[in-house]
Amino acid sequence: MTKKQLLFEAKEIVTGYDKKIIIDGIDITIPSNKISVIIGANACGKSTLLKTLARLIRPVSGKVIIDGKKITSMPSKELAKVLGLLPQSPIVPEGITVWDLVSRGRYPYQSFLKSIDKTDFEAVEEALEIMGITELANRNVDELSGGQRQRVWIAMALAQQTDILLLDEPTTYLDIAYQVEILDLLTDLNRKRGTTIVMVLHDINLSARYADYIFALRNGKLIVQGTPSEVITSELIHTVFGLDCVVIEDPVSSSPFIIPRGRHHSISTKASDNSLEKPRLVIG
């Protein structure tokens, strides 16, 4: 089932913690039915912006709007049927099974007089199947590996069946194989269901490969936004991260791919050009 298009935007957002302003006057419109990634250096405001979009933080000024409604005025269960959030490093309840945790995604559809029903059961089973963890349904979550746990958390968000899914660093602490696997699964979700996905990611190359649209932050300000080919340039990486780099074409996805320069291991420009044009594959 393809998700409907919803206008999801933030207007003149000013927000922060403990009277300290972290996000200062940001206006963004999230592309519907696409994958968007927020990038930027540590402490630039990425997670703060995501939490503000999810209503975990109330802005000092400005507003977040979904389909013409301010999220601050929406009842919690109504908002939870539209927008889901997977926070960074969520805490696993002790002794809970995979099936029970995923079923908590059905909370917005339940009431005091209505427990889990056939529709809820089917939504949980579908989420488990999509994430490839049906065989883990009766396992305790605290017995699983990091990659398996992340699949379970995403399955819980899928069971919520929202039009918009926000994820704060969903690949953190995972090895590269699990990172690619999680991002592939989220891409499947976006393409099959049309779910609007907004993620905070640290890996610039994975961001460029998987994002349809990128928002780059620096010191609480939106510096640039656009497609990966429009955003990921050596100038932008230097401005946002203070890093000198070379940007080439990813040989797998044709997206931009950054190669940091650093102070060591540099070779001549001519040799560098030749090595990039003729990569060698070593097997053995």
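For residues that are open to solvent by 70 Å² or more (accessible area, probe 1.4 Å) and not aromatic (Phe, Trp, Tyr), scanning just region 90-110, find the one that is farthest from the chain's Cα centre (by Cα).
It comes out as Glu94.
Taken over region 39-64, the criterion of being over 17 Å from the mean Cα position of the chain (by Cα) and more than 25 Å from Pro228 (Cα to Cα) is satisfied by Ile57, Arg58, Pro59, Val60, Ser61, Gly62, Lys63. The number of residues in region 181-209 being outside any helix (DSSP H, G or I) and out of contact with any helix residue (DSSP H, G or I) (no Cβ under 6 Å at 6 or more places or on another chain) comes to 6.
Every test in (1) among the aliphatic types (A, V, I, L, M); (2) open to solvent by 30 Å² or more (accessible area, probe 1.4 Å); (3) touching a Ser or Thr at 6+ places or on another chain (Cβ under 6 Å) is passed by Leu189 save one, and that test is (2). Restrict the check to region 143-154 and report whether at least one residue is open to solvent by less than 60 Å² (accessible area, probe 1.4 Å), β-branched (Val, Ile, Thr), touching a strand residue (DSSP E or B) at 6+ places or on another chain (Cβ under 7 Å) and in contact (Cβ under 8 Å) with a residue 12 or more places away in the chain. Within region 143-154, one or more residues are open to solvent by less than 60 Å² (accessible area, probe 1.4 Å), β-branched (Val, Ile, Thr), touching a strand residue (DSSP E or B) at 6+ places or on another chain (Cβ under 7 Å) and in contact (Cβ under 8 Å) with a residue 12 or more places away in the chain.
The values are calculated or read from the model by the stated rules, or taken from the named source; none is laboratory data. Note that the coordinates shown come from a computational prediction; the quantities given were computed from them, not determined experimentally. Here the Cβ is made from the backbone with ideal geometry for all residues, glycine too, and neighbour counts use every protein chain on show. Note: accessible area is taken over every heavy atom of the protein model, side chains too, but ligands, DNA and RNA are not part of it. Shrake-Rupley method; radii C 1.70, N 1.55, O 1.52, S 1.80 Å.
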